[in-house]
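See structure below.
The values are calculated or read from the model by the stated rules, or taken from the named source; none is laboratory data. Owing to the predicted nature of the structure, the values given are computational and were not obtained by experimental measurement. Glycine gets a Cβ as well: all are built from the backbone with ideal geometry, and neighbour counts include every protein chain shown.
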Amino acid sequence: MKKLFLINILGLALFVCTTSMAMATSVTIDSTTYTTASSSTTYGGFIAPSNTSWDSGSNKINIVDWLLTYGGNNSYTYVTTGTWLSDGASSVILAEIAGNANTNTFGYYTESGRTQLFNGSASTNATTDFNLNPAQIFGFYLGVSGGTFYYTDNSLNQNIQAAIFQLNDTNQYIIGFEDLPYGSSDKDFQDMIVKATIDQTAPVPEPATMLLLGSGLLGLAGFRKKIKK
Ligand SMILES: [Ca+2]
Ligand SMILES: [Ca+2]
C-alpha cells in the first residue's frame with residue numbers, strides 16, 4: 001500500500017513537471033517580461049490585434065505569442081537594423097497566418113539582388129540554407145503578389161514591414177513579416193514568421209592583432225622601398 005502511494009506521488013510529480021515544461025509562461029523582450037495571454041484574449045493561439053501586445057498595443061505585433069510558443073522563458077532583443085554580415089544562414093518557416101500564405105515568397109537579398117528560398121507552396125517547418133562566398137551583407141525579404149517586396153531592412157520599405165527579435169547572446173533570430181502595406185495592414189507581423197540562424201563567420205581580429213598586422217605590413221612596405229632603391 002505504501003509502495004503504491006509512493007508510485008502515485010512520483011507519477012504526480014512527473015505530471016506536474018512535464019506540464020510546466022510544456023507551457024512557456026513568459027518571454028522577455030528588451031527587458032520587459034510578457035506572460036501568456038489568457039484564452040479569452042487569444043485567437044488561434046495569438047494575442048488578438050485589439051489587445052495589448054509587446055509594445056502596449058500601438059503596433060499590435062502579435063508575433064509575441066510566437067515568441068512565447070517558440071522562445072518562452074527566454075530573452076529577446078527587438079532588432080532595428082535587419083541586415084547581417086555573414087557567409088550564409090539557415091531558415092525555417094515557423095508559421096504563415098495570412099490569406100496569401102500560398103503565394104507569398106521568402107528569400108534573401110544582397111547588393112547584387114534577390115534570391116528566393118521559399119516559394120508560395122512552402123509552409124510551416126520548411127527548411128533551407130544558403131551559403132555566400134565571400135561573406136557579405138544580406139537581409140531577408142518577403143515577396144507578395146503584384147511584384148512587391150518587403151525587406152528586413154525597414155529603411156528599404158515605406159514603413160515597418162518586418163519585426164525582428166534576436167534570441168539574446170545567440171545568432172538566432174525570429175522574423176515576422178506583415179504582407180500588406182503597413183498603413184492598410186492589421187500590423188500583426190505574423191504573415192510570414194521565420195526563424196533564421198545566421199552562420200558564424202570567422203572571428204574578427206582583435207585590435208591588438210590588427211595593430212601587429214598593420215606594423216608588419218608597414219615593415220614590408222619599408223622593405224620593398226629598400227629593394228627598389
Ligand atoms: Ca507558403
Ligand atoms: Ca498581417
For this session: Among the residues of region 176-194, count how many are of a type in the set (S, T, Y) and not in a loop (DSSP other than H, G, I, E, B).
Result: 2
Problem set entry | Pairs, first under 18 Å from G88 (Cβ atoms) in region 170-182, second in a loop (DSSP other than H, G, I, E, B) and β-branched (V, I, T), C-beta under 7 Å, six or more apart | I175/T152
Seminar exercise, completed: Reported set for region 113-138 where residues are of a type in the set (G, A, S) and more than 12 Å from ligand 1 (Cβ to nearest atom) is G113, A135
Problem set entry | The one condition in (1) away from ligand 1 (no atom under 16 Å from the Cβ); (2) within 17 Å of the chain's Cα centre (by Cα) that Q158 fails to fulfil | (2)
For this session: Among the candidates T115, T128, T105, T124, single out the residue that is in the same structural domain as F189 (by TED's automatic domain parsing), out of contact with any Pro (no Cβ under 6 Å at 6 or more places or on another chain) and under 23 Å from P181 (Cβ atoms).
Result: T105
For this session: Take D169 and decide whether it is under 24 Å from V64 (Cα atoms), away from ligand 1 (no atom under 16 Å from the Cβ), of a type outside the set (V, I, T) and touching a Gly at 6+ places or on another chain (Cβ under 8 Å).
Result: no
Problem set entry | Any hit, region 192-199, residues being touching a helix residue (DSSP H, G or I) at 6+ places or on another chain (Cβ under 6 Å), within 14 Å of ligand 2 (Cβ to nearest atom) and touching a residue at least 24 places away in the same chain (Cβ under 8 Å) | yes
Problem set entry | Among the residues listed as L156, L142, the single one being crowded, with 21+ Cβ neighbours inside 10 Å and outside the structural domain of T32 (by TED's automatic domain parsing) | L142
For this session: Please specify each residue of region 65-103 satisfying the condition of being in contact with a strand residue (DSSP E or B) (Cβ under 6 Å, 6 or more places away or on another chain) and within 11 Å of ligand 1 (Cβ to nearest atom).
Result: I93, A95, E96
Exercise. Quick one: would you say T170 is outside any loop (DSSP other than H, G, I, E, B) and either modelled with pLDDT of 80 or more or surrounded by 16 or more Cβ atoms within 10 Å (Cβ to Cβ) (or both)?
Worked result: no
Problem set entry | Tally of residues being within 16 Å of ligand 2 (Cβ to nearest atom) and without any contact (Cβ under 8 Å) to a residue 12 or more places away in the chain across region 94-145 | 1
